[in-house]
Amino acid sequence: MSRPALKRNEESYHICGDVKDPTGISNKMGQQSSIDLTGSAIGHPEIRFDLGAETFVVTADVYLQDGELLVHLICPQCSTPEKANGLTIRASQKQMSYENELLSVEPFGCTWEIEGSLRRNFGLNRCTLRVAIDKNVARRA
Ligand SMILES: [Zn+2]
């Protein structure tokens, strides 16, 4: 799928509502983001999530935005074929390092609520993913 070239004055996005996922990771609608995604990512490390019985591989996008390291990835636990739940982690909020395609991030949690058929009662509907990434391997933290 080809995208039209962006003009210089269109470098900053605020995405909400029914918009296409500007990362191109998915063709899903409605992902929220305020990242400048037109600046090219400095890397795309593949992160292996070892979540007990299940293992997922997620391609993260690493950006350098105004000198701040920023990671964008899809939560493997609560994303569904219908909806990709993106997470943005900033170096100002979490300690992280990215060298030689190896990403490490201190423990962080998913902020998405489980929706649709997975919705549970009693307020237990927040995604429980909480991991630390150590050299491209994410484990529960
Ligand atoms: Zn999640």
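Structural remarks
- Taken across the range 73-83, residues that are within 12 Å of the chain's Cα centre (by Cα) and either farther than 14 Å from residue 130 by Cα or among the hydroxyl-bearing types (Ser, Thr, Tyr) (or both) do occur, with at least one present.
- Scope the range 100-141; condition more than 16 Å from the ligand (Cβ to nearest atom) and either at pLDDT 95 or above or within 17 Å of the chain's Cα centre (by Cα) (or both); matching residues: 101, 102, 103, 104, 106, 134, 135, 136, 137
The values are calculated or read from the model by the stated rules, or taken from the named source; none is laboratory data. Fair warning: this is a prediction, and the values are worked out from it, not measured in the lab. Glycine also receives a Cβ, built like all others from the backbone with ideal geometry; neighbour counts cover every protein chain displayed.
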